[in-house]
Amino acid sequence: MSLESDNPLDRAASLEALLFVGSEPLSIEALSRALLCSEEELIAAVGDLQTRLDSSGSSLQILSIAGGYQLATRPAYSVIIGRLLARQRGKLSRPALETLSIIAYRQPITQPEIEAVRGVGCASVLTTLIERELIEEAGRRAAPGRPILYRTTQNFLHYFALEDLADLPPLEDAASPDEVRSAMDSVDP
Amino acid sequence: MTVSTPHTDMPRFRLPVYEGPLDLLLQLIRENEVDIYDIPIAQITRQYLDRLAEWQALDLVLAGDYLVMAATLVEIKSRMLLPAPPRQDEIEVDPREALVAQLLEYQRYTGAAETLRDWEAFRASLYFRNATEIAGDYILPMEQSSLTGRDLHRAFLSVLSAAGVPEAPVSAVVPRRRVSLRVKMAEILRAVHGAAEGLPFESILSIETSRADCVLAFLAMLELIRIGRINAVQRGPFGDIQLVARTDGGGDPAAAAESISDPPLRSTVSKASGVGA
């Protein structure tokens, strides 16, 4: 073990350097390999660095996002940054968000299955979501017509600041046909 | 989303903001403050049809989905007026059941979509470093297999546009293709085996003379990747794509190239790699 890796403070600073050069989320494995430390030590270093960033009044924070760690600015600085940068393309439309949430929970899923839930066609919405790299094709369903299956991408996780799909809010339980029936019976006189 | 009752004496600029028939139905149910499990179908159907008529008066083209739902509502309404046919199992089936189930299912996802909307706004307030061209000795390696068919397709299009390959005139006599896919595959495989550092993706296309030849070369490359003879590797974001020979079960390049030109393709290739290993 080298001298730096015995010193937790230096390790935190080394981690900061790694996160600075990483322009995408860096996995625990990649970071611990570079720092020659165990994954537990790395997680401790992440905590140390975050504490240091907090106490020094830094505008940066460590985010656990899309399966790795990444440095990001804190939300409070968004207004200032907005004055510097040019405006990006707009937010997602409501049809896009609805379609995306159906795909997120039910993936892999075909276009007809999405349309059955929404009650409207969604071909153009799917094209938009693919262009924005929020969804991608995931093979085809072994069913008549071999319809294309869709799933969400890593970029989807990043777009909503999620670490993984398990971070999605729990969906209300689906009502089974029996439950619907009994609920309807109970209101009938 | 607030929907007020239309005033006939006012100019109409309110546009439908519904995401489909299910969304409109849920709105009507909410406005009427009725129980979703006990929808007063006559009342809701009337309002639904009124809304459609209103849109038609505005010369809006109605999506077919709205008309399908209108037909469904009218059908449910008429079935509720009829006495239920006697059934042996004595379970009375409410004609509204399927519709209610569909509305509930849709409602689940609209809730989730609202959450995503909030998270999108939160995430938009965070900024990350952009990928920059780094002049250092090292670059961030791409994750294994993160290169997709889409990336290759993009690279192909950029080569095509950069080369400015002219399309043959429409009136041209179409010559017989002298180069087959297999011959092209063997050609590329030989070139890849000849290049120790890996063959730049562009180089398999640059010598080509027509768009059709480019397409053939591209297809041959995809086929070689599919059958596992070569790999496409990109060492950094926006980096050049390199074609490298697969070292596992590659065997003698000449023999491998030979085997590709013999039909049938798949079985011959797998046999050849078995011998080579």
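The values are calculated or read from the model by the stated rules, or taken from the named source; none is laboratory data. Bear in mind that the values here come from a model prediction, so they are computed numbers and not experimental data. Methodologically, a virtual Cβ is constructed for each residue, glycine included, from the backbone with ideal geometry; neighbour enumeration extends over all protein chains shown. Each accessible area value is taken on the protein alone, full model and side chains, heavy atoms only, with ligands, DNA and RNA left out. Shrake-Rupley method; radii C 1.70, N 1.55, O 1.52, S 1.80 Å.
Tabulated data
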read-out: Delta accessible area of at least 30 Å² on complex formation, residues of segment A:108-153, 1.4 Å probe, chain isolated as reference; value: A:117, A:118, A:119, A:120, A:133
read-out: Virtual spin-label span in nm between residue A:123 and residue B:203, 7 Å along Cα→Cβ; value: 4.3
read-out: Karplus 3J(HN,Hα) series, Hz, for segment A:99-108 with 6.51 cos²θ - 1.76 cosθ + 1.60 (x for Gly, Pro); value: 4, 4, 5, 5, 5, 4, 7, 10, 5, x
read-out: Residue-wise HN-Hα coupling along segment B:100-116, computed from phi with Karplus coefficients 6.51, -1.76, 1.60 (Hz; x: Gly, Pro); value: 4, 4, 5, 5, 5, 4, 5, 4, 4, 7, 5, x, 5, 5, 5, 4, 4
read-out: Apportionment of accessible area to carbon and sulfur, segment A:94-169, percent (1.4 Å); value: 51
read-out: Residues of segment A:45-89 with amide N under 13 Å of the 7 Å Cα→Cβ point at residue A:20; value: A:60, A:71
read-out: Sequence-separation-based contact order of segment A:54-166, relative, with Cα cut under 8 Å and 6+ spacing, percent; value: 28
read-out: Percent RCO, i.e. relative contact order, over chain A, from Cα pairs under 8 Å lying at least 6 residues apart; value: 16
read-out: Projected label distance in nm at residue B:215 and residue B:246, using a 7 Å step from Cα toward the beta-carbon; value: 2.7
read-out: Chain A, accessible area per residue, ligands and nucleic acids excluded (1.4 Å, Å²); value: 54
read-out: Theoretical FRET efficiency, 1/(1+(r/R0)^6), r = Cβ-Cβ of residue A:142 and residue A:55, R0 56 Å, to 0.05; value: 0.50
read-out: Interface B:A - total buried accessible surface [probe 1.4 Å, Å², rounded to 100]; value: 4600
read-out: At most 11 other Cβ within 10 Å, DSSP loop - GluC sites (Glu not before Pro), segment B:196-236; value: B:197
read-out: Virtual spin-label span in nm between residue B:68 and residue B:183, 7 Å along Cα→Cβ; value: 5.1
